[in-house]
Amino acid sequence: MTDSVNIFNIYEVKSQLFQIITYMSEAERQKLLSVLLADQSQDENRKLLSLVLANISEAKIRELLEQLKNWHQSKLSEMREHPRKPSFIPVECSSSGGVCFTDFIQDISNGGVLIQTDGNFFIGQQITLTFSIPKAEKDITVSGEVVRVDSEGIGVKFNEPLPTL
């Protein structure tokens, strides 16, 4: 009997809470929400965020995705030692084992490149790159290490940073 009384009581309590919340201003609701979320675990916050995302419109989700992509990109830029520049530069690549091929650099910095490729690479693989950039008198040849492999291609960190691009 005690359990059914407790269940009934919690429904009364929640009902009263919702009634009070409807009379709050938006600023007061936001403050209450931040206080409640401060005590949540990371797992509980993820679940709450999933619920919110499941209940917003497709247009809002697309807008949120764009904003989060921009935020993420700015965070990556802050963390990088060398700023990246978008590019489309042909590059000749050779790896240990004598494999040579030509692909395209998607972005470049003084510290590395992202190369669009379908080739088979592994993290830690040494690679030599030869390419030319505008305003350079001769081709640049640089050695580096594959530090990322994904569907976009490979990320190569130069063994020695290039002079300012």
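The values are calculated or read from the model by the stated rules, or taken from the named source; none is laboratory data. Fair warning: this is a prediction, and the values are worked out from it, not measured in the lab. Glycine gets a Cβ as well: all are built from the backbone with ideal geometry, and neighbour counts include every protein chain shown.
Considering the stretch 127-137, and only residues there that are more than 18 Å from Ser87 (Cα to Cα) and not hydroxyl-bearing (Ser, Thr, Tyr), the residue that is modelled with the lowest pLDDT turns out to be Glu137. Considering only the stretch 88-97, I want to know if a residue exists there that is of a type in the set (D, E, K, R) and part of a loop (DSSP other than H, G, I, E, B). No. Does Val99 satisfy the condition of being closer than 23 Å to Gln73 by Cβ, surrounded by fewer than 15 Cβ atoms within 10 Å (Cβ to Cβ) and hydrophobic (A, V, I, L, M, F, W, C)? In short, no.
Restricted to the stretch 123-142, and to residues there that are among the polar types (S, T, N, Q) and closer than 20 Å to Phe88 by Cβ, the residue that is surrounded by the fewest Cβ atoms within 10 Å (Cβ to Cβ) is Thr141. Each residue in the stretch 106-130 was checked for being among the β-branched types (Val, Ile, Thr), part of a strand (DSSP E or B) and within 21 Å of the chain's Cα centre (by Cα), and 3 pass. Tell me, please, whether a residue that is at pLDDT below 85, surrounded by 13 or more Cβ atoms within 10 Å (Cβ to Cβ) and not in a loop (DSSP other than H, G, I, E, B) can be found in the stretch 143-164. The answer is no; no qualifying residue exists.
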